[in-house]
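Worksheet: one structure, shown below.
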């Protein structure tokens, strides 16, 4: 199935900066069969986990995160960049290759003990996903699974998520 979905991913050289091979899911999103197949597989990963809410990371994590929440009969939580959420927030700053970044979640997004599925479009170094896990746990949620459309295995993002279930649909083992 991975090979079938991989054909829908566009690779753009030197974006957003020189040396990066950007994996673009917008070409997958314009194909109904690719959306359906991806959603079906993500649902199969998580259907028996009694998910309370799906947390999606801005912005492409919102797409399948919201669809998956509906399919799982769960709520949806947006995790956003600073300045985008209007109510009281919790924030987490994390290291990037050069500098730092921050993500935020509404403080009232999660009730103590809720089972949370974290979803994003891509797992690279794992920094953003780990920051999101930290936010969910600060609010009392239990991260029962993390899921991604694409995983860049050569960047070893799974290592930052050690102890959590990590599922991905498409893997790239090198930058090419």
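The values are calculated or read from the model by the stated rules, or taken from the named source; none is laboratory data. Please read all numbers here as calculations on a predicted model, not as lab measurements. Glycine gets a Cβ as well: all are built from the backbone with ideal geometry, and neighbour counts include every protein chain shown.
Numbers at a glance
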item	result
Count of region 105-118 residues which are in contact with a helix residue (DSSP H, G or I) (Cβ under 8 Å, 6 or more places away or on another chain) and either assigned to a loop (DSSP other than H, G, I, E, B) or surrounded by fewer than 20 Cβ atoms within 10 Å (Cβ to Cβ) (or both)	1
Members of region 67-91 that are in contact with a helix residue (DSSP H, G or I) (Cβ under 9 Å, 6 or more places away or on another chain) and in a loop (DSSP other than H, G, I, E, B)	72, 74
Pick from region 46-88, criterion in contact with a strand residue (DSSP E or B) (Cβ under 6 Å, 6 or more places away or on another chain) and surrounded by fewer than 13 Cβ atoms within 10 Å (Cβ to Cβ), ranking: farthest from residue 135 (Cα to Cα)	50
Residues of region 112-129 satisfying the condition of being without any contact (Cβ under 8 Å) to a residue 60 or more places away in the chain, in contact with a strand residue (DSSP E or B) (Cβ under 7 Å, 6 or more places away or on another chain) and farther than 19 Å from residue 144 by Cβ	124, 127
Considering residues of region 97-111 that are out of contact with any strand residue (DSSP E or B) (no Cβ under 9 Å at 6 or more places or on another chain) and more than 21 Å from residue 66 (Cα to Cα) only, the residue modelled with the lowest pLDDT	97
Out of 43, 94, sole residue that is surrounded by 17 or more Cβ atoms within 10 Å (Cβ to Cβ) and either in contact with a strand residue (DSSP E or B) (Cβ under 7 Å, 6 or more places away or on another chain) or not in a loop (DSSP other than H, G, I, E, B) (or both)	94
Members of region 136-158 found to be in contact (Cβ under 8 Å) with a residue 60 or more places away in the chain and either outside any strand (DSSP E or B) or closer than 13 Å to residue 55 by Cα (or both), listed by number	136, 141, 144, 145, 147
Condition check for residue 30: without any contact (Cβ under 8 Å) to a residue 60 or more places away in the chain and touching a strand residue (DSSP E or B) at 6+ places or on another chain (Cβ under 9 Å)	no
Region 1-27 - residue that is in contact (Cβ under 8 Å) with a residue 60 or more places away in the chain and farther than 17 Å from residue 174 by Cα and, of those, surrounded by the fewest Cβ atoms within 10 Å (Cβ to Cβ)	1
